[in-house]
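Shown next, in structure tokens, is the structure this report addresses.
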Amino acid sequence: MHDTDKLRQVVETLEKTGGYGSVLLRGKQGRRAHVTKQEEIVTDIPEERGAVLSLFDGQVFHEAAVDSHDAGELAKAAKDLVAKVKVRPGLVIDPGPAMAKSFETKVKTEPDRLGAEDILAMARDHAELAKTSGPLVFNHAAAVNSSTETMTFVNRNKALNQKVHRVVSFVQLFVQQDGETRDFFDSKGLTGDISGVAWSKADLAKSYETAASLLGTKPPAPGLYTIGGSSHLSGLLAHEGFGHNAEIDMMLKNRSKAKDYLGKRVASDLVNIVDDPTLVGGYGGYFFDDDGTIATPTTIVQDGIFKTGLANLSSALQLDQPVTANSRRESYKRKAYARMSTTFFKPGDSTVADIIGAIDDGIYLDRFQTGMEDPKGWGIQIKFTVGREVKNGKLTGKIYSPVGLTGYVPDILGKVDMVAGDDFQTEAGTCGKGHKEFVPNSSGGVSIKTEAYLG
Amino acid sequence: MSRELQQAAISQLKKQSDLHGWAVRRIQHKEQQFYGVAEKADTQRQVLSDEVFVDVWVSQGQHVGLAGKLLSPEHDLESQLAELRAAAALQRNPIYELPKPAQPEPVKLFDPAIERLDLEQQATKVVQLVDSAGVELSSQEWFAGVAETELVTSTGFSGSHKNSRLTMELVLYRGEHERLLEKSYRRLDDLPLEELISHNAKIIDDLPKAKKPQAAKAAPVILSSEEFVSGAFGGGLLEPLTFHAGGPAAYQQLSRFKTGQPIVEAKGDRITLSSDPSYVFGTASYPFDNWGLVPKPVTFINDGQFTQTVADAKYAQYLEVEPTGGYGVLVLAPGKMAESELVKGAVYVETFSALDVDPLTGDFFGEIRVGYQYDQHGQAHPVRGGGVSGNLFDALKDCRLPKETVFQGNYQGPKSVRFEDVTISG
């Protein structure tokens, strides 16, 4: 915990210019263990410890970022910053209501009490399960990562502290047969207790089954397909397909076509997409954002209509849009942008069985590898590890892999004609703004049915 | 304060003679950042950091472990080092030694012009160039940084180097069509700003006429070198080659390459690929690695044959091969034909939304953000949308490289590659 009075003095120094000032302290620490057939590592994760002093001059944000939380060093940095900035007539920032709060992710075991030996033991257990999961496994890897991110935000009215505990684990199976090698990567991640990312024998049996099924597979013939897909499809459509479109700093830059669709239809009326940093366990979650805005859910698409964008303070101010809790930065060394947290398709009324039963000839997609947005052109690309062939409403057992999906987002979302309600889940990941600025993130939802180009 | 922390860490570690090894690295970094939206400044930042990182190795019999961390000046040094020792002692990896101390050769990585660069003036220049090119500016971001690294290790190695880096992200547009330009160099003069803006303005002119390419199970496709080495999801198109030629893949028995054997049975151009850590102003160049190994330039694929594993000190000892250090700038030998000849009858992919490459299998896939369909006479018609997918090892069996080359900071070599049998999904 930091001395709020001293940080507020730094804010006062910044605001003597007549502009708006704030101080953000960021920290990240934790451990990771990585175990393969041949090697093991347990070490600290790349740490972060720094501060951002922000001063808005009416038109431009000026920031000094330093690698210290020391109040004396911050006071000096504030004086140096103030000397360079002249406040100009322009926009005025509301510092928000007076508020002093502290938040922390609920956990059973404090991450501070988790020693290197605990993390390594867990990774070794997972590696052993991976190694013995099936006869075709010839190599394997398992990793466990436990981190605690701390943030302190102070402006003239607010004094906020948060501790977010993120845990993630993965297993990777390398299977080999007749000279062919394939790998399958599976992960679990959440904000919460490390026990939530443990792998069981049954989990690894499923992973092995999938890994072995990839041997000898090929991508499908290129063309337009009727597709079903798990939360890996709906989550990526929510995130890459529409979430990035809804980031309003992209609208400010004229980089999002969604700017012209606020209040208009962008999807079928079965589509409901939400960004929620407060979703319990969501790997992309937090309690307040980098601008000190308290986290709340944002409905991006409701019944197919684009309702609300995701905002950082700077862009909301310039576009006269509501501020949402979506201002995030990669580290103190980078600027904050409008970013997603945990973004998902809300459940509907169908079931997974209904969706597969309704496909005459198509592919049910699962396990995304990567995805990329195109807010200006509304294109999308997603790569899946698993495509299960469906004929006459039944899975045939034939697997396609890898499967690339491309298309025009409004076409794909507009053709969503079934949304399940019985398989909601979110996946942990990392999201970039374009090709940089990576932040922890999650996406997910439920199974859906639509059409898209595959290849 | 970091100077004192660095000295104190070295002093304490020198007293711990039972350690298998240690390395103390101090990095001082100063960076100016400018973020503009349209013609206006949005945010200006200065980032200052001075950080000390420590690695310690603990051996027990024939096993060794390594743990590292960023030292905190706010916590007790002794207990931080004790924590590292404890973590390292938990690991049971086959023993290896830190590299023997060597005198690093100086590598030119610092350009004072980047340190002096006025980013506001640079941004104003961009506004003028974009205006002259007849397109609009969506946004611009500039990062001009200087870093100084000092390394001291338990073997007696002591070295330092200073480097500069200028990174740019520009977005140009007109109407519905945009181009994202990302570049990173160590020398200001390497950034071809005017050429980049005019070339991409021309592409924006073409985009309204773009159609989806015709779907084909096997078609000739040319991929621009833009995503050869660094892609949105990792190492780019060449990553399967660097993965399979690297020490980790060989040690984990994942490599498909065998020394002295062709990487594929090629009927087209056979590639020659080198790693050069001493490439002047290369963004991947480095005079020594984090453990004090002085790297060597190495041609690891020569005329289509795998010649040598690229390995750091640890993997070199595990594999009993010569240590080369990790990869530097990747240098691909050019082909003999003019690119203007190679494009005939092919789809030329200028940019993907993001090229996804699986380093293990070599499978690649990407949505075409911008491309051109060339007819047999070399006439180009813009295309966008649809996906390109294939497998690098299959594609290399029948590929052609042009004679024209580019330097992209971490890559030097042909401007593109032509593959004869790649799938295009419409």
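The values are calculated or read from the model by the stated rules, or taken from the named source; none is laboratory data. All figures in this text were calculated on a predicted structure; none of them were measured in a lab. Note that we place each Cβ from the backbone using ideal geometry, even for glycine, and neighbour counts take in every protein chain shown. Please note that ligands, DNA and RNA were not included when accessible areas were found on the heavy atoms of the full protein model with its side chains. Shrake-Rupley method; radii C 1.70, N 1.55, O 1.52, S 1.80 Å.
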(request) Return a single number: how many Lys pairs in segment B:205-303, at a sequence separation of 8 or more or on separate chains, have alpha-carbon atoms below 30 angstrom apart. (result) 4
(request) For chain A, just list the percent of Cα-Cα distances falling in each 10 Å bin from zero outward, please. (result) 4, 20, 27, 25, 16, 7, 2, 0
(message) Compute the distance from the alpha-carbon center of segment B:143-170 to that of segment A:93-147, in whole Å.
(response) 32 Å
(request) Mind giving me the FRET efficiency for A:ASP417 and A:LYS84? R0 is 51 Å, r the Cβ-Cβ distance, nearest 0.05 is fine. (result) 0.35
(request) Can you work out the accessible area per residue across the protein assembly as shown, with the rest of the protein chains kept in place, probe 1.4 Å, in square angstrom? (result) 38 Å²
(request) Report, in degrees rounded to the nearest 10, the 0 to 90 angle that the Cα long axis of helix A:201-213 makes with the longest principal axis of chain A. (result) 70 degrees
(request) Give me a single rounded figure for B:377-390: the average over its residues of other chain Cβ atoms within 10 Å of their Cβ. (result) 3
(message) I need the P(r) histogram for segment B:192-332: all alpha carbon pairs, bin width 10 Å from 0 out to the longest distance, whole percents.
(response) 10, 31, 30, 17, 10, 1
(message) Which log10 I(q)/I(0) values does segment B:82-166 give at q = 0.12, 0.16 Å⁻¹ under the Debye formula, counting every alpha carbon as one identical point scatterer?
(response) -0.67, -0.83
(request) Counting only GluC sites (Glu not before Pro) that are in a DSSP loop and have at most 13 other C-beta atoms within 10 Å, tell me the longest site-free stretch of chain B. (result) B:321-426
(request) Could you tell me whether segment A:180-324 comes out rounded, prolate or oblate from its Cα gyration tensor? Rule is a ≥ b ≥ c as square roots of the eigenvalues, rounded for a/c under 1.5, then prolate if a/b exceeds b/c, otherwise oblate. (result) oblate
(request) Give the angle, between 0 and 90 degrees and rounded to the nearest 10, that separates the Cα long axis of helix A:71-84 from the longest principal axis of the Cα atoms of chain A. (result) 80 degrees
(message) Let's test this: bin the Cα-Cα distances of segment A:312-455 at 10 Å from zero up to the farthest pair and state each bin's percent.
(response) 10, 32, 35, 16, 6, 1
(request) Identify which of B:ALA89, B:ALA284, B:ALA250 has the largest mean-square fluctuation in a Gaussian network model of chain B, with springs joining Cα atoms closer than 10 Å. (result) B:ALA89
(request) Name the shape class, rounded, prolate or oblate, that the alpha-carbon gyration tensor gives for segment B:346-418, where a ≥ b ≥ c are the square roots of its eigenvalues, rounded holds for a/c under 1.5, and otherwise prolate holds if a/b is larger than b/c and oblate otherwise. (result) rounded
(message) Under 10 Å, Cα contacts only: if you run a Gaussian network model on chain B, which one of B:ARG256, B:ARG26, B:ARG116 comes out with the highest mean-square fluctuation?
(response) B:ARG116
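Peptide A:65-76: average number of partner chain Cβ atoms within 10 Å per residue? Write down the numbers at each step before the final one.
Details: counts 7, 5, 10, 6, 3, 3, 0, 0, 2, 0, 0, 0.
Mean partner-chain Cβ count within 10 Å for A:65-76: 3.
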(request) Just read off the accessible area of A:THR150 with the full protein assembly in place, 1.4 Å probe, to the nearest 10 Å². (result) 50 Å²
(request) Provide the descending list of Cα extents for segment A:20-156 along its principal axes, expressed in whole angstroms. (result) 71, 29, 28
(message) For a Förster distance of 51 Å, can you work out the FRET efficiency between the beta-carbons of B:LYS209 and A:ASP125, rounded to the nearest 0.05?
(response) 0.30
(request) Over segment B:238-292, with every protein chain in place, what whole percent of the accessible area is carbon and sulfur at 1.4 Å, could you tell me? (result) 45 percent
(request) Give the carbon-plus-sulfur fraction of the accessible surface of segment A:223-307 in %, rounded to a whole number; probe 1.4 Å, heavy atoms of protein chains only. (result) 50 percent
(request) Measure nothing but the geometry: give the 0 to 90° angle between the long axis through the Cα atoms of A:4-15 and the longest principal axis through the Cα atoms of chain A, rounded to 10°. (result) 70 degrees
(request) Give a residue-ordered list of calculated ³J(HN,Hα) values for segment B:314-324 (Karplus: 6.51 cos²θ - 1.76 cosθ + 1.60, θ = phi - 60°; whole Hz; x for Gly, Pro). (result) 5, 5, 4, 6, 4, 9, 6, 10, 5, x, 10
(request) With the cut-off at 15 Å, report for segment B:188-236 the share of all Cα pairs above it, as a whole percent. (result) 71 percent
(request) Go ahead and collect, in residue order, the members of segment A:1-45 whose backbone nitrogen is under 16 Å from a label point 7 Å along the Cα-Cβ direction of A:LYS108. (result) none
(request) Report Rg (one decimal) and Dmax (nearest whole number) for segment A:239-372, counting Cα atoms only, units Å. (result) 16.2, 52
(message) Need the C-alpha centroid separation for segment B:95-123 versus segment A:269-305, integer Å.
(response) 42 Å
(request) Equivalent ellipsoid semi-axes for segment A:97-255, as square roots of 5 times the alpha carbon gyration tensor eigenvalues: give them largest first, rounded to whole Å. (result) 37, 28, 11
(request) Could you tell me what percent of the accessible area of segment B:126-201 is made up of carbon and sulfur, with a 1.4 Å probe and every protein chain present? (result) 42 percent
(request) Shielding by partners for A:37-50, please: the mean number of other protein chain Cβ atoms within 10 Å of each residue's Cβ. (result) 6
(message) What is the ratio of the Cα radius of gyration of the protein assembly as shown to 2.2 N^0.38 Å, with N the residue count, to two decimals?
(response) 0.92
(message) Placing +1 on the Cβ of each Lys and Arg and -1 on the Cβ of each Asp and Glu in segment A:248-392, which of A:LEU313, A:GLY281, A:THR324 has its Cα farthest towards the positive end of the resulting dipole?
(response) A:LEU313
(message) Show log10 I(q)/I(0) for segment A:358-408 at q = 0.17, 0.26 Å⁻¹, two decimals, from a solvent-free Debye sum over equal Cα scatterers.
(response) -0.56, -0.91
(request) Run the numbers on segment B:60-79: which residues show a drop of 40 Å² or more in accessible area, chain on its own versus all protein chains together, using a 1.4 Å probe over heavy atoms? (result) B:LEU70, B:GLU74
(request) Report the longest stretch of chain A that contains none of the trypsin sites (Lys or Arg not before Pro) sitting in a DSSP loop with at most 13 other Cβ atoms within 10 Å. (result) A:265-455
(message) Taking 30 Å as the cut-off for C-alpha to C-alpha distance, list the pairs among B:LYS125/B:LYS162; A:LYS415/B:LYS344; A:LYS131/B:LYS14; A:LYS37/A:LYS383 that go past it.
(response) A:LYS415/B:LYS344; A:LYS131/B:LYS14
(request) Report, as a whole number in µm² per second, the diffusion coefficient that Stokes-Einstein gives for segment A:179-254 at 20 °C and 1.002 mPa s using the Kirkwood radius over alpha carbon pairs. (result) 130 µm²/s
(request) Output the residues of segment B:342-373 meeting this criterion: accessible area (heavy atoms, 1.4 Å probe) in the chain alone minus accessible area with all protein chains in place is 10 Å² or greater. (result) B:SER353, B:ALA354, B:ASP356, B:ASP358, B:LEU360, B:THR361, B:ASP363, B:PHE365, B:GLU367, B:ARG369
(request) With the cut-off at 40 Å, report for chain B the share of all Cα pairs above it, as a whole percent. (result) 27 percent
(message) Can you classify segment B:1-152 as rounded, prolate or oblate using the Cα gyration tensor, where a ≥ b ≥ c are the square roots of its eigenvalues, rounded means a/c under 1.5, and otherwise it's prolate if a/b beats b/c and oblate if not?
(response) prolate
(request) Enter the Cα centre distance for the pair segment A:319-393 and segment A:155-175, rounded to the nearest angstrom. (result) 21 Å
(request) May I ask for the accessible area buried between chains B and A, both sides summed, probe 1.4 Å, to the nearest 100 Å²? (result) 6100 Å²
